[in-house]
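Below is one structure, written out as structure tokens, with a few remarks after it.
The values are calculated or read from the model by the stated rules, or taken from the named source; none is laboratory data. As the structure is a prediction and not an experimental result, all values here were calculated from the model. Cβ placement follows ideal geometry from the backbone for every residue including glycine, while neighbour counts extend to all protein chains displayed. The protein model used for the area step is the full one, side chains on, heavy atoms only, and it has no ligands, DNA or RNA in it. Shrake-Rupley method; radii C 1.70, N 1.55, O 1.52, S 1.80 Å.
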Amino acid sequence: LVHAAGKWIPVAGEGGHVDLGPQTQRDSEVFAHIHRINGRVSGEQILCGRGVVNLYQAICASDGVEAEFSDPAQITEAAIAGGNKVATETESLFCEYLGRVAGDLALIFMAHGGVYLTGGITMKILPVFDRERFRSAFSNKAPHSELIGQMPTYAVINDRAPMKGLAAYARTP
């Protein structure tokens with residue numbers, strides 16, 4: 001949302017399709033397998049339900065282990081339960097990559113009012129959401145780390161938020 005002319009204006013876009021590049025050796029190993037999907041690595045290939053599966057399968061392929069799960073809920077449940085190293089790493093890397101993309105978008109829009117994480121997946125992964133890894137990746141934007149470090153982030157946990165927002169927008173002339 002952009003605040004202009006005394007009201008909030010939704011800005012439609014496909015920001016999730018921005019490229020996501022490797023920053024670590026582990027990223028390079030994992031991204032090599034994700035790159036094969038569409039010939040590139042984008043936020044959309046990782047930061048959604050299907051993306052959790054893509055990331056999990058890429059980690060399995062990188063480590064030379066057989067994938068046990070094919071459903072994002074199974075992966076998240078295994079991470080919550082503990083004991084499954086790949087599922088745990090999947091959720092942890094998901095948080096990092098979400099932080100990177102959210103931080104990039106926060107800089108693009110100068111989101112001084114904050115960044116709000118919404119959607120079903122946000123609520124589902126909260127029990128294993130690695131806040132420190134997310135914020136570290138979100139703020140790792142040298143030379144603007146101090147600026148972005150002041151931007152708050154929130155997880156929207158109200159499953160009615162989209163309808164409430166739509167209703168508020170419809171009431172606005």
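Descriptive notes on the structure:
- Å² per residue, accessible surface of the chain at 1.4 Å: 58
- Percentage relative contact order, the range 56-173, counting C-alpha pairs under 8 Å, at least six apart: 26
- Working note: Debye formula, equal point scatterers on the alpha-carbon atoms of the range 80-152, no solvent; log10 I(q)/I(0) at q = 0.21 Å⁻¹ is -0.87.
- The range 41-88 and the range 126-173 have Cα centres lying 23 Å from one another.
- Within straight-line cross-link reach of K85, lysines at Cα separation under 22 Å, skipping those fewer than 8 residues along the same chain: K124
- Within the shell defined by Cβ-Cβ distances under 11 Å, the residues around A58 carry a net charge of -2, with Lys and Arg each +1 and Asp and Glu each -1.
- Across all directions, the average projected area of the convex hull around the alpha carbons of the chain is 11.0 nm².
- Residue ranges 2-15, 46-59, 63-76 sort as 46-59, 63-76, 2-15 when ordered by packing (mean number of other C-beta atoms within 10 Å per residue, highest first).
- Distance (nanometres) between label positions extended 7 Å along Cα→Cβ at I37 and A81: 2.4
- Overall, the accessible surface of the chain at a probe of 1.4 angstrom is composed of carbon and sulfur to the extent of 56 percent.
- Separation of the R26 and S92 label points, Cα + 7 Å toward Cβ, nm: 0.5
- Contact order for the range 1-67, expressed relative to its length and based on alpha carbon pairs under 8 Å spaced 6+ residues apart, stands at 26 percent.
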